Amino acid sequence: MHHHRVQQEKKRLSQDIEKLKTLHREYEAKYQDLSSKYEAAMKEKMLIKLERDRLMAKSESLQKTVENVFLLANTISLNFT
């Protein structure tokens, strides 16, 4: 009787182990998928920041150019009046 109970327990534990192994494989695949999505999102975020910084620098440069043009125009108009 004791042997039969031990065999049942062993069978139940083996089934539990197989279920856990299956879950582990599924979660590992999900983890890999989420990890690659995260990396792609972080890469996209970094590229957007770089693009933003580049556009900000370009905007500042254009703004300084416009200011210089206005200063030059004022200087020229003052010289002719």
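Hey, any hits in the range 48-57 for a residue that's at pLDDT 95 or above and over 26 Å from the mean Cα position of the chain (by Cα)?
The answer is no, given that none of the residues of the range 48-57 is at pLDDT 95 or above and over 26 Å from the mean Cα position of the chain (by Cα).
Give me the pairs: first residue in the range 21-36 and in contact (Cβ under 8 Å) with a residue 24 or more places away in the chain, second residue of a type in the set (F, W, Y) and part of a helix (DSSP H, G or I), beta-carbon distance under 6 Å, and six or more apart or on different chains, which are they?
none
Within the range 1-14, can one find any residue that is loosely packed, with under 10 Cβ neighbours inside 10 Å, not in a helix (DSSP H, G or I) and not small (G, A, S)?
yes
The values are calculated or read from the model by the stated rules, or taken from the named source; none is laboratory data. The structure displayed is predicted, hence computed values, not measured ones. Methodologically, a virtual Cβ is constructed for each residue, glycine included, from the backbone with ideal geometry; neighbour enumeration extends over all protein chains shown.
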